[in-house]
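Everything on this sheet refers to the single structure shown next.
The values are calculated or read from the model by the stated rules, or taken from the named source; none is laboratory data. These figures come from a predicted structure and were not determined experimentally. Cβ placement follows ideal geometry from the backbone for every residue including glycine, while neighbour counts extend to all protein chains displayed.
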């Protein structure tokens, strides 16, 4: 199946380059009857958009989305939902010289090796612009999961360079430009990012996403593990280099007696597992983290080669994010929503809809 | 597509439970003409097997494999390769009482919620026994990758509980029961594991796998990223809670100027990226890590509930690994091999076989 | 997805050659809780088996099936069901000389062109022996469709060479060796087949399959049309050259006023459509037909070439069916069952289980 | 995968309703470097378009296609190709009353049973308008197959109601409004269609498609048979009720000695098989036929029911084709091209590109 598609039953197929006429997607498999309107997309597209604070790229994306199909009189019909956003504010001249050279840390060289041809304008297909359509599709998945199962999906930044939050307050996440859950640290982060931007450098980050209300029983024992789906989904986001479930890499140094989550009449005593046991949801919150590398587009010159293999020095101009992780929070939420919607459909295909075999633990 | 299948073109489908009559698999899509014999499987199946040292489960798996199809006069014919191993040395009575209770940290509860029925003997389908077939399939993938592209895939343990290797010597990895790359530390690890086993507890671990000789250009820009495939593959292994590519979670605190790998006439100056840029192989070694949680089967009693939701205390007897990570090294290699073989076929489908668009950097 | 797999959710993967050690399959996606026992397979495997009358191949297949996984205490668990039949009574020497020549009308030449290698014993993978596993998987699909939705699937021969039935009596279909629905014609067919066999020639046939009780709403509007799935399924059976739905090729010469099925308060007035409108089941019986060519293995010499491209004369000895269509009836039923089970799961994934949006017409 | 997608590697995903804002598609997997321009689509879109003669629907589709992605400086880049056509000349009022009733022979009733909601304007998703995008995608597949392998794909009408051509002259097919290969019969067909249109009725038809130059070895032995793919592809076209390969249903009455195609030093002596043996191409022309039912949209009143199950009389106004088969020729060609392109990629994935294991027969 298409390498630009995600999901088996609740599927997303995206197309479009950063500086082409438009980006778009097809969401297929969404159950019929879901209320859907272009207004539904505004919030999450806005959260992902550039140009909203001085800490992200200054490219101004208006992201006016058009629903081309699959919705009739305000409800999904079960047929494929086509979405389209025209590209505006492209400044291709910023990239003109990059056709001849390979920017270090970028996909330029690997695209060239794969295809022998590439659209160099704005990174072409490898631009983070593609993730706009993931966010749009994620809006539909989120809305269906909420309407059908009462699931809530949220995300925040859980590391920014060397800094980690000391408090975990969901209420403040949407009130600062970093999706940061610790309000007291925000001024410090502002200063950190200002200095970083001034230095012309960039930095990595970690994003955490949580889905509450996921019924037990989603996922599958072997190659369709819920954790495997999440890993594939988050790792498919640009710049991601690690995915963790629950305690993640901390589990390497833990003892079994400490890691395993006890169960009692009132439910699980802890959630080291991140809501997944044996690849299947336990009914606890599903918790995942992804680590993003620092963007390679920085003002500091770097060594590289050109098409003829000659050494060149590359400086990446254009309008870039000093920390791509910041805007990645809504993207991670969207991908988690897409995985869960897909697993919801897979589960009810084989096992019927959420039954109550056993009183569910919370 | 079957939830018990892995791969789009070079595909593996497994079946079988720990204490059923047999486990088996179908490997489909392997190119014709590859030499293949039952002897090819001995080494990797042996590396994965239990009972080889006092540090793993004492269940004795003989793992006599039978090639049922797809091979004619010692060569693959391009038709599906059926493999079968009869189960022996099952001691189902060890597990008899577990049908009524859910072991904490295990898939018992989530299986029950999903299916409303489960085979409790030895964990049934969720037993690590299934991974035998991944290793067997991985042997075929490894052999084809080596024969066709000269690729070499190796793995080692890179963390055992709190311990990390101080040296990285591939030559010693196969000479100790831990797949440990630092010979000097082996006695210390022996003592650590002896004490752990005596305590009745278990511990987590990290495994690193490396593929050398992967041509540039494998993978795809969006949802078929090579990194995404690896993440899915490794996260599908029992007990895995995190997957990292290259520098992995370390990238969160890195600066862009430090992380990005410069290119010069002699190739890349470093490999922070782990051999993957923009989801596509760069020609450098592909490096991935996976973190495994401590096994939940321990002798220390744990709180849980039974089928009626009543509190119970569970002690897991039977023959378990105090660190499942140890035997996971060949499994991780196999899954990496399967991902690469699949990506090799996907690449040559769309772009033809490995061409030399540009002199390849090493 | 494996080229030896069928179905998206209720999936079948087969392996094995005619003269290899065994044939087998993996049925994945079957809902949990279905009663299943080796005895369930006896009837349909027997209906497909050779050697039951003088009108089919005299090879004696015992077809002792073994359930290797996926069933616990007589019920499916939702995990993959592995099935195995050991091959017996192979007489490979019958085929020894065929490695050097290409039998006209057979897959010998095309296999060679595709793979450059082939297992010539008994046709290897292209032997009708593979269909044993389709029948076995179809037993599971049939049983689930009957238990869950009350669906009944039946088939009969509807043309044998130049002969067509003049009566349509399901009750006599299983009482004669031809699956023929017109008892009066059976003696005539016996004589026809005896003469054909004596002549050393073979003949084509048509098989009709009907599924009653299929709920309205299964299938999908575009590329997952129920009719498209049936076409793919039946055309995948050896020797099939045409697939028809409902009136099939007769529709070419029909007027719209005659073809379209009127609806009234008591249901549809006719079933020209074969139970499918716009690719989706209407609640009427689903009716499909497949045409099989005459087997190419005949005693009459034929012109061909050998591996070096030199002209040769080929006479196919061995034990062959003078009309492969006769034994194809249970295979067609099995494939229809697999398509319907798959569509059932796809339907309830997206749209929930069979609801009664509208009083169903019968 | 998406029910609105076709193909495994060379994939098409379509979206859009007849009277929505636009129809569109994503073609993914096309090899990089193919020259492609909007002008390439004009001819085949024109051949499929309505309003070109009095014998097809009078709706005027301008079908101005826009390439949204995947092409850079006139060449495909290997990334997904997004195509879009805005809908114009919708007259939804023609269909207003159909929301409450089910037209006999249409998908109205089955859509309603499936989804419980539908877009009634112009048939919504079940409109033949969707096939515009198949033709567009087929243009790309055709162009690549021609450029890479020298394959030529052509189609013609081979039955129109009771009439069949007596001559087979490709040169005249594009010179008459019926894609008819027998010039002498065209005046007779004009008269036949005029009378039919006047009667308010419709009629069925058969379309034949032929691919010349297909290399031997494409397809696969079991569930990915080339014939199986073609059957699925053609049966997915609106109104198709039968698919035949080569001699098709004629094979039922043939003897093996007559049907099988002899081979000699100069190639095959005949092509009863339609270019496919054992599911794999033989190098001969691939020949397939599809039968289309008469359109159900006719001026003659028909009995049906409304949403409340009450009897109603339905007359279908609007602008309909009296024989949908006429415009189906380019659609059949497109689907055949998509199947072949997909099989080309599948073949070279597993077996490498077209090799010359044996001197190819023609």
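I'm checking my understanding of the structure. Among residues of segment A:279-313 that are farther than 30 Å from residue A:126 by Cβ and touching a helix residue (DSSP H, G or I) at 6+ places or on another chain (Cβ under 8 Å), which one is nearest to the other protein chains (Cβ to nearest Cβ)? Among them, the one singled out is A:280.
Given the conditions (1) over 21 Å from residue D:297 (Cβ atoms); (2) more than 8 Å from chain C (Cβ to nearest Cβ); (3) surrounded by 21 or more Cβ atoms within 10 Å (Cβ to Cβ), and given that residue D:212 satisfies all but one, which numbered condition is not satisfied? Status for residue D:212: all satisfied but (3). Which of the residues that make up segment B:1-27 are facing chain C (nearest Cβ under 7 Å) and either on the phi > 0 side of the Ramachandran plot or over 19 Å from the mean Cα position of the chain (by Cα) (or both)? Passing the criteria: B:1, B:2, B:16, B:20, B:21, B:22.
Just so you know, in segment D:252-278 the residues that are more than 7 Å from every other protein chain (Cβ to nearest Cβ) and in contact with a helix residue (DSSP H, G or I) (Cβ under 6 Å, 6 or more places away or on another chain) include one that is surrounded by the most Cβ atoms within 10 Å (Cβ to Cβ), and it is D:276. Candidates are the residues of segment B:112-133 that are surrounded by 24 or more Cβ atoms within 10 Å (Cβ to Cβ) and touching a strand residue (DSSP E or B) at 6+ places or on another chain (Cβ under 7 Å); the one that is nearest to residue A:281 (Cα to Cα) is B:114.
Going by what's in this entry, would residue B:146 be described as within 22 Å of the chain's Cα centre (by Cα) and either modelled with pLDDT under 95 or closer than 18 Å to residue B:52 by Cβ (or both)? No; evaluated as a whole, the condition is false for this residue.
Among the residues of segment A:216-239, those identified as under 17 Å from residue B:227 (Cα atoms), more than 7 Å from chain B (Cβ to nearest Cβ) and in a helix (DSSP H, G or I) are A:229, A:230, A:233, A:234.
Scanning for something at pLDDT 95 or above, more than 11 Å from chain C (Cβ to nearest Cβ) and under 17 Å from the mean Cα position of the chain (by Cα), does segment B:35-57 turn up at least one residue?
Of all residues in segment B:35-57, those at pLDDT 95 or above come to B:35-41.
Applying the additional criterion that residues be more than 11 Å from chain C (Cβ to nearest Cβ) yields B:35-41.
Then drop every residue that is not under 17 Å from the mean Cα position of the chain (by Cα), which leaves B:41.
Yes - at least one qualifying residue is present in segment B:35-57.
In summary, residue B:85 fulfils each of the numbered conditions (1) within 20 Å of residue C:68 (Cβ to Cβ); (2) modelled with pLDDT of 90 or more; (3) under 16 Å from the mean Cα position of the chain (by Cα) with the single exception of condition (3).
In the set D:208, D:291, only one residue is under 22 Å from the mean Cα position of the chain (by Cα), at pLDDT 95 or above and more than 30 Å from residue C:8 (Cβ to Cβ); that residue is D:208.
Kindly provide the set of residues from segment B:158-175 that are within 19 Å of the chain's Cα centre (by Cα) and more than 10 Å from every other protein chain (Cβ to nearest Cβ), ordered by number. Once the filter is applied, which keeps residues that are within 19 Å of the chain's Cα centre (by Cα) and more than 10 Å from every other protein chain (Cβ to nearest Cβ), segment B:158-175 yields B:170, B:173, B:174.
Could you list all residues from segment C:269-294 that are assigned to a strand (DSSP E or B) and over 18 Å from residue D:316 (Cβ atoms)?
Filtering segment C:269-294 down to residues assigned to a strand (DSSP E or B) leaves C:276-277, C:280-281, C:286-292.
Across segment C:269-294, the qualifying residues are C:276, C:280, C:281, C:286, C:287, C:288, C:289, C:290, C:291, C:292.
Condition check for residue B:203 on (1) touching a helix residue (DSSP H, G or I) at 6+ places or on another chain (Cβ under 7 Å); (2) closer than 25 Å to residue A:6 by Cα: one failure, at (2). For residue B:235, indicate whether it is in contact with a strand residue (DSSP E or B) (Cβ under 9 Å, 6 or more places away or on another chain), more than 30 Å from residue A:275 (Cβ to Cβ) and surrounded by 22 or more Cβ atoms within 10 Å (Cβ to Cβ). No; evaluated as a whole, the condition is false for this residue.
Rundown of residues vs (1) assigned to a helix (DSSP H, G or I); (2) farther than 30 Å from residue D:30 by Cβ, yes/no style:
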{"position": "D:114", "(1), (2)": "yes, yes"}
{"position": "D:118", "(1), (2)": "no, yes"}
{"position": "D:125", "(1), (2)": "yes, no"}
{"position": "D:133", "(1), (2)": "yes, no"}
{"position": "D:167", "(1), (2)": "no, yes"}
{"position": "D:178", "(1), (2)": "no, yes"}
{"position": "D:186", "(1), (2)": "yes, yes"}
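I want to confirm something. Restricting to segment A:194-205 and keeping residues that are surrounded by fewer than 24 Cβ atoms within 10 Å (Cβ to Cβ) and under 24 Å from residue B:273 (Cβ atoms), which single residue is nearest to the other protein chains (Cβ to nearest Cβ)? Residue satisfying both the conditions and the ranking: A:201.
Right, residue B:152: within 10 Å of another protein chain (Cβ to nearest Cβ) and surrounded by fewer than 22 Cβ atoms within 10 Å (Cβ to Cβ) or not?
Numbers: within 10 Å of another protein chain (Cβ to nearest Cβ): no; surrounded by fewer than 22 Cβ atoms within 10 Å (Cβ to Cβ): yes.
When the stated conditions are applied, residue B:152 does not pass them.
The set of residues in segment D:58-71 being at pLDDT 95 or above and surrounded by fewer than 19 Cβ atoms within 10 Å (Cβ to Cβ) consists of D:66 alone.
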